[in-house]
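To keep things clear, I will list the structure first and then write my remarks on it.
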Amino acid sequence: MQTLTTPGAMLKAMREKPPLVQCITNYVAMNIAANVLLASGASPAMVHAAEEAGEFAGIASALTVNIGTLSAQWIDGMQAAAKAATSAGRPWVLDPVAHYATAFRRNAVAGLLALKPTIIRGNASEIIALAGGESRGQGVDSRDPVEQAEGSARRLAARQQAVVAVTGAVDFVTDGERAVRITGGSALMPQVTALGCSLTCLVGAFAATAPEDIFGATVAALATFAVAGEDAALGAAGPGSFAWRFLDALAALDAETLDARARISAA
Ligand SMILES: Nc1ncnc2c1ncn2[C@@H]1O[C@H](COP(=O)(O)OP(=O)(O)O)[C@@H](O)[C@H]1O
Ligand SMILES: Cc1ncsc1CCOP(=O)(O)O
Ligand SMILES: [Mg+2]
């Protein structure tokens, strides 16, 4: 298998062989997440029913699980898909949307963490709480700065033997040992609902493309959002125009530009 060494090389490889990514995600995010994957060069499938989610995970190249709009039947599908993805040796990504808010969500996430996600992607409040800390999250929105979540991310990554990505003004990625920060994007991004959920799906697409380098694939997905977010913000009048410009910026981003403009630093 070719070793993909940079975010640009991974983006190019993803477009040459678009991975089928099963996205179990919330009603709010389904449309934009699918469009983010298509614009980036991947092939999304929003398949969550308990009757088929496990079977589908066996044919997809990666799975993403997002608890944004949860119900009992959805949890059955998530569990089945996560087990099937793991059995098939495929990466899967957990997005613990507002898990701290209710006992129902906390129990669902505890069950999913027990199935050992390959990658966990959340905002600072979600990661702080997932590591056992006191977070100031409000609903699905973070009220904590990423820098205050870095220690939690390191501990969670070590405990879960997973890559943990904390996103916000400056993203932070760690596997418990290595750690990097990624700068870029735009303050308009948290004003567009489900961009974090969409990023979780793109992390799945990159992990499917470079399964031999899960840490690097996670960084590459976040760097893609960071560069495309900067481009989309140019000329955007607000969150509405930013949203469609963001899809165009993802589609227009090429490998060379991504490698030239990604701002990734050792933490
Ligand atoms: N203030 C900011 N400046 C630049 N980029 C941001 C900012 N806040 C969030 N982002 C970016 O927005 C995307 C969505 O992440 P985030 O808003 O943290 O997740 P969530 O939507 O799950 O809370 C990520 O690419 C993140 O880097
Ligand atoms: C508003 C809302 N409610 C349940 S899920 C969701 C979308 C959350 O998206 P993100 O975590 O990307 O902000
Ligand atoms: Mg989120």
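Residues that are touching a helix residue (DSSP H, G or I) at 6+ places or on another chain (Cβ under 8 Å) and more than 16 Å from ligand 2 (Cβ to nearest atom) were ranked within region 86-111; the one that is farthest from G216 (Cα to Cα) is G111.
Mind checking whether some residue in region 25-33 is touching a Leu at 6+ places or on another chain (Cβ under 7 Å) and crowded, with 24+ Cβ neighbours inside 10 Å? No. Could you grab me the full set of residues in region 53-73 that are surrounded by 21 or more Cβ atoms within 10 Å (Cβ to Cβ) and among the aliphatic types (A, V, I, L, M)? Across region 53-73, the qualifying residues are A53, A57, A60, A62, L63, V65, I67.
Here G176 meets the list (1) closer than 27 Å to I67 by Cα; (2) part of a helix (DSSP H, G or I); (3) away from ligand 2 (no atom under 16 Å from the Cβ) almost entirely, failing just condition (2). Take the conditions (1) within 14 Å of ligand 1 (Cβ to nearest atom); (2) outside any loop (DSSP other than H, G, I, E, B); R159 misses just one of them, which is (1). Within the option set A194, A165, being within 15 Å of ligand 2 (Cβ to nearest atom), of a type outside the set (K, R) and at positive phi holds for one residue only, A194. Which of the residues spanning region 134-187 are among the acidic types (D, E) and either away from ligand 3 (no atom under 14 Å from the Cβ) or over 18 Å from the mean Cα position of the chain (by Cα) (or both)? Residues satisfying the conditions are E134, D144, E147, E150, D175, E177.
For region 232-263, the tally of residues that are under 17 Å from A205 (Cα atoms) and of a type in the set (D, E) stands at 1. When region 74-124 is limited to residues that are charged (D, E, K, R) and within 15 Å of ligand 3 (Cβ to nearest atom), the one that is surrounded by the fewest Cβ atoms within 10 Å (Cβ to Cβ) turns out to be R105.
Every number here is computed from the coordinates shown, using simple stated rules; none is lab data. These numbers come from a predicted model, not from an experiment. Cβ coordinates were reconstructed from backbone atoms using ideal geometry, including for glycine residues, and neighbour counts include every protein chain displayed.
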